[in-house]
Each structure stands twice: as structure tokens, then as C-alpha cells.
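Visitor: Could you have a look at this structure, given as C-alpha cells, before my questions?
The values are calculated or read from the model by the stated rules, or taken from the named source; none is laboratory data. These numbers were taken from a predicted model, which means no experiment stands behind them. Positions of Cβ are backbone-derived with ideal geometry, glycine not excepted, and every protein chain shown enters the neighbour counts.
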Amino acid sequence: MSDLARHEVVTANRDTPVSELSSMMMKEKVGSVVITSDRKPVGIVTDRDIATRAFEGKGNPRDKKAEDVMSESVCIAEENMGLSEALEMMEEEGVRRLPICDSNGKLSGIVTFDDLTELISDEEESMARIIRSQRPAY
């Protein structure tokens, strides 16, 4: 998975204000922020989490922090995991983002469903070019 992952992961800690998370996502053009403690993933906040959870319950959404809206059960892929395993994990767990961790459990990257879809599409396009170039003329 390490060779497919983005290694510049947008991260924050549990007490980062939701408004700051939203600004980070907009600035970095990403749909999630991995919440870490000692470089280990402890949660993830998606744009959807902000849109739905920040407005749940009482209190001003501007006063909420990452820990108030994050998903704590983070699906994590290992660096040596293959593409098929990652896709299977995403399907089984119903997630679109997989933080990647090294053997010490430290965050080393992230792979998203969109990244994998783009990769597969590029591969299919390459295969189509090969087929077209080898097709007999009629």
C-alpha cells in the first residue's frame, strides 16, 4: 500500500477546532483529516462528519473540536497490504479512506477510494491503448 499512498497526510489533534479542520480541508483540497496522537491515528474527521455531527445536540458548532465529531474506529491499512486487500477492507468496513501505518503503528500515508479508482482507470486506459495498437486493420 505504501507505493499507492499519499505520504503528505493532513493531520490534527483531538482538540483542534472544527472550524480549523474545515479550513484545512479547503486549503489542502482533501475530504478528511486524520486525528493523531504521537503520530498514531486515533480518529478521522471527514467533510461529512463536520456537516452532520457538528450540528448534532446542543452547543455552538463553532465551539466543537475534532474529538466531538471524529470517527474513532479508524480502519487502518498496513504498508505491505496489496491493492486487492485494501479494496476488500474498504468494502467490508464501508469506508472510502484508509490511513496507512508502518510496523510501529505510526501514520505513514493515506489512500482513498478516489485514488484507487483513478489508478485502476489509468491502468485500464493503458491496456486499451495496447489492444488498439495490436488490433488488426480491417
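Visitor: If you take the residues of the stretch 49-63 that are more than 15 Å from Val74 (Cβ to Cβ) and touching a strand residue (DSSP E or B) at 6+ places or on another chain (Cβ under 9 Å), which of them is surrounded by the most Cβ atoms within 10 Å (Cβ to Cβ)?
Guide: Going through the qualifying residues, I end up with Arg53.
Visitor: Now for a different question. If Gly57 passes every condition in (1) of a type outside the set (D, E, K, R); (2) in a loop (DSSP other than H, G, I, E, B); (3) modelled with pLDDT of 95 or more but one, which one does it miss?
Guide: Going through the list (1) of a type outside the set (D, E, K, R); (2) in a loop (DSSP other than H, G, I, E, B); (3) modelled with pLDDT of 95 or more, Gly57 breaks only (3).
Visitor: Here are some residues: Ala77, Ala54, Ala86. Which one is over 19 Å from Arg6 (Cβ atoms) and either among the aliphatic types (A, V, I, L, M) or free of Cβ contacts under 8 Å to residues at least 40 places away in the same chain (or both)?
Guide: On inspection, the qualifying residue turns out to be Ala54.
Visitor: Here's another thing I want to ask about it. Counting only residues that are part of a loop (DSSP other than H, G, I, E, B) and of a type in the set (Gly, Ala, Ser), which one in the stretch 1-26 is modelled with the highest pLDDT?
Guide: Going through the qualifying residues, I end up with Ala5.
Visitor: On to the next question. Within the stretch 92-115, work out how many residues are farther than 16 Å from His7 by Cβ, of a type in the set (D, E, K, R) and assigned to a loop (DSSP other than H, G, I, E, B).
Guide: The number of residues fulfilling the criteria is 1.
Visitor: Shifting gears a bit: Determine whether the stretch 51-64 contains at least one residue that is of a type in the set (A, V, I, L, M, F, W, C) and under 16 Å from the mean Cα position of the chain (by Cα).
Guide: no
Visitor: Taking Gly109 as meeting all but one of (1) in contact (Cβ under 8 Å) with a residue 24 or more places away in the chain; (2) surrounded by 11 or more Cβ atoms within 10 Å (Cβ to Cβ); (3) more than 12 Å from the chain's Cα centre (by Cα), write down the number of the exception.
Guide: (3)
Visitor: In addition: Does the stretch 27-48 include one or more residues that are buried (at least 16 other Cβ atoms within 10 Å of the Cβ) and assigned to a helix (DSSP H, G or I)?
Guide: no
Visitor: Now for a different question. Evaluate the following for Glu123: is it among the acidic types (Asp, Glu), over 25 Å from Thr46 (Cβ atoms) and surrounded by fewer than 17 Cβ atoms within 10 Å (Cβ to Cβ)?
Guide: yes
Visitor: What number goes with the only condition from (1) touching a residue at least 12 places away in the same chain (Cβ under 8 Å); (2) under 14 Å from Arg6 (Cα atoms); (3) in a helix (DSSP H, G or I) that Glu118 does not pass?
Guide: (1)
Visitor: Another one. Under the condition of being under 15 Å from the mean Cα position of the chain (by Cα) and buried (at least 18 other Cβ atoms within 10 Å of the Cβ), which residue from the stretch 77-93 is modelled with the lowest pLDDT?
Guide: Ala86
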